[in-house]
There are 2 protein chains.
Amino acid sequence: MRFTAQTSSGGVSERLFTLGEIPGVLWTPEGATGPRPLILMGHGGGRHKKDPGVLTRAHRFVTECGFAVAAADVPNHGDRPEQVEYQRIATEIQARVQAGDDPAPLIAGFQSLVARQTVPEWQAVLDAVQALPHVGPAPVGYWGVSLGCGLGVPFVAAEPRVRAAVLGLGGAHASAEAAARITVPVEFLLQWDDERVPRSQALALFDALASPEKTLHANPGGHGELPPFELDSTIRFFTRHLR
Amino acid sequence: MRFTAQTSSGGVSERLFTLGEIPGVLWTPEGATGPRPLILMGHGGGRHKKDPGVLTRAHRFVTECGFAVAAADVPNHGDRPEQVEYQRIATEIQARVQAGDDPAPLIAGFQSLVARQTVPEWQAVLDAVQALPHVGPAPVGYWGVSLGCGLGVPFVAAEPRVRAAVLGLGGAHASAEAAARITVPVEFLLQWDDERVPRSQALALFDALASPEKTLHANPGGHGELPPFELDSTIRFFTRHLR
């Protein structure tokens, strides 16, 4: 793990790093010492590790909960090189959305393909970040919606360090099988008028989760219109399960 | 409005009253003066105005939010005389549940019938309670699930003083038409394994609400198994919309 840049703002220390080929970022409270819960955040499709939505959430997890937060660029995103095969599928998905066709089956196949790479990558990020003395071996949470849900479900299913997860804006096509192996508490976000994920698919993914404690929060609006009060709820959810 | 008994416990003043034929109860902070938001609570089928679930919520609304809370016995419940026709339908509903048949259509008809009586009754309770100087003409919230949802939907639709409502454990059979006239913020509670309300019916009722701000909270478990953390969420919801 090689740190490449460090900045600080509003009580939050931000360090960019590379771990092998993976570009990542770690946020911690300024001056933090000793172990603390860690939230791994997955970004959305076409976005990157420092997407404004990721940044907003990361800052609140750090300043309000004292957590550490890490994010990594997904292959073919952010600071990573273009992968021709991924790019081809992403372009096809966009075309289907614009044509008004159902992109769900194509998205499902794409996310399975990418997850085979990101699950071990994110496990390596956890290993490296938890080896730092101001993060340490404390409980881990996962936050990811849309692509971050499609990749997050197999990750949470595979990784026993994750004790609670916020997922959503994803459907059962991609993830039902892995969801049935998730048993940790999940807060699942669904947009009632999601133009990318059919409502029945999202409800089926929530249904597939094996977690005895899972809670579905559904709100009106499209795929990108999560209401701001859900972040307040997410903070309470992680505080309840990771502290 | 005639007050018949007054007690006090844990900072909460409880006054029983009758308003015409309606037996009711009012909870306020001990020593309260001046206007404050009022929550009207509807109880469940076969329950009454001082059901343990109503009491628990009322005490928290009073002690944590400083609200006034009122509840009234629904006809054929609590301290009210038996009404032969209502009793006959209630018995038939129980029999259908025990036989494993779908009681939804019967419940729907029953709730419409009772609501024609409870909507004006609850409006009269609001008039009387808000005439008290330590309640006054502040915003009103409504809380009711199960029967309290079936009767609450037409009440919230009809009563402009209600500015926010927590509803749930109810289905579209009974309430879709009135739900389409509700425009205030709603928090809607759904139990994923509800043995009395089919999931599709509950989702359809949430869908029918015309409120631009509505949020569905679904959790695993049966009709009577709302998780305790939903009360925390309810308190935040009412605080956000009534304060």
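With the condition kept exactly as written, say whether any residue in the range A:156-166 is buried (at least 22 other Cβ atoms within 10 Å of the Cβ), out of contact with any strand residue (DSSP E or B) (no Cβ under 7 Å at 6 or more places or on another chain) and within 18 Å of A:T234 (Cα to Cα). Looking through the range A:156-166, none of the residues is buried (at least 22 other Cβ atoms within 10 Å of the Cβ), out of contact with any strand residue (DSSP E or B) (no Cβ under 7 Å at 6 or more places or on another chain) and within 18 Å of A:T234 (Cα to Cα).
Scanning the range A:169-185 for residues that are under 23 Å from A:A90 (Cα atoms) and surrounded by 18 or more Cβ atoms within 10 Å (Cβ to Cβ) yields A:L169, A:G170, A:G171, A:A172, A:H173, A:A174, A:S175, A:A178.
Pairs linking a residue in the range A:133-147 that is closer than 23 Å to A:L216 by Cα to a residue that is surrounded by fewer than 24 Cβ atoms within 10 Å (Cβ to Cβ) and among the charged types (D, E, K, R), with Cβ atoms under 6 Å and 6 or more positions apart or on different chains, are A:P139/A:R163; A:V140/A:R161. Whether any residue in the range B:161-172 is under 17 Å from B:P139 (Cα atoms) and within 12 Å of chain A (Cβ to nearest Cβ) is what I want to check. So far as the range B:161-172 goes, no, none of its residues is under 17 Å from B:P139 (Cα atoms) and within 12 Å of chain A (Cβ to nearest Cβ).
Just to be sure, is A:R2 touching a residue at least 12 places away in the same chain (Cβ under 8 Å), open to solvent by 30 Å² or more (accessible area, probe 1.4 Å) and farther than 24 Å from A:G150 by Cβ? Spelling it out, A:R2 is indeed touching a residue at least 12 places away in the same chain (Cβ under 8 Å), open to solvent by 30 Å² or more (accessible area, probe 1.4 Å) and farther than 24 Å from A:G150 by Cβ. Just so you know, in the range A:230-240 the residues that are within 11 Å of another protein chain (Cβ to nearest Cβ) and open to solvent by 10 Å² or more (accessible area, probe 1.4 Å) include one that is nearest to B:E187 (Cα to Cα), and it is A:S233.
Residues are listed down the side, and each one gets a yes or a no for (1) in contact with a helix residue (DSSP H, G or I) (Cβ under 7 Å, 6 or more places away or on another chain); (2) farther than 23 Å from A:W143 by Cα:
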{"residue": "A:G11", "(1), (2)": "yes, no"}
{"residue": "A:R15", "(1), (2)": "no, no"}
{"residue": "A:P29", "(1), (2)": "yes, no"}
{"residue": "A:P35", "(1), (2)": "no, no"}
{"residue": "A:V62", "(1), (2)": "no, no"}
{"residue": "A:T91", "(1), (2)": "no, yes"}
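Touching a residue at least 60 places away in the same chain (Cβ under 8 Å), assigned to a helix (DSSP H, G or I) and charged (D, E, K, R): is that true of B:R96 in this structure? Considered against the rule, which asks whether it is touching a residue at least 60 places away in the same chain (Cβ under 8 Å), assigned to a helix (DSSP H, G or I) and charged (D, E, K, R), B:R96 comes out as no. Looking across the range A:93-107, the residues that are under 22 Å from the mean Cα position of the chain (by Cα) and open to solvent by 50 Å² or more (accessible area, probe 1.4 Å) come down to A:Q94, A:P105. Per this entry, B:S175 is counted among residues that are of a type in the set (S, T, N, Q) and touching a helix residue (DSSP H, G or I) at 6+ places or on another chain (Cβ under 8 Å). For B:T33, the conditions (1) without any contact (Cβ under 8 Å) to a residue 40 or more places away in the chain; (2) polar (S, T, N, Q); (3) farther than 28 Å from B:E195 by Cβ are fulfilled apart from (1). Residues of the range B:186-199 that are within 11 Å of chain A (Cβ to nearest Cβ) and open to solvent by 20 Å² or more (accessible area, probe 1.4 Å): B:D193, B:R199. Residue count for the range A:200-229 under the criterion of being more than 8 Å from chain B (Cβ to nearest Cβ), farther than 21 Å from A:A180 by Cβ and buried (at least 18 other Cβ atoms within 10 Å of the Cβ): the result is 1. Is at least one residue of the range A:102-118 assigned to a loop (DSSP other than H, G, I, E, B) and more than 25 Å from A:F17 (Cβ to Cβ)? Yes, there is a match, as at least one residue in the range A:102-118 is assigned to a loop (DSSP other than H, G, I, E, B) and more than 25 Å from A:F17 (Cβ to Cβ).
Here is a yes/no grid of residues against (1) over 26 Å from A:T56 (Cα atoms); (2) at pLDDT 95 or above; (3) of a type in the set (S, T, N, Q):
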| site | (1), (2), (3) |
| --- | --- |
| A:W192 | no, yes, no |
| A:E195 | no, no, no |
| A:R199 | yes, yes, no |
| A:A202 | no, yes, no |
| A:K214 | no, yes, no |
| A:N219 | no, yes, yes |
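The values are calculated or read from the model by the stated rules, or taken from the named source; none is laboratory data. Quick caveat, the model's predicted, so the values are computed rather than measured. All Cβ positions, even for glycine, are placed from backbone atoms using ideal geometry, and neighbour counts span all protein chains on display. Heavy atoms of the whole protein, side chains included, go into the accessibility calculation; ligands, DNA and RNA do not. Shrake-Rupley method; radii C 1.70, N 1.55, O 1.52, S 1.80 Å.
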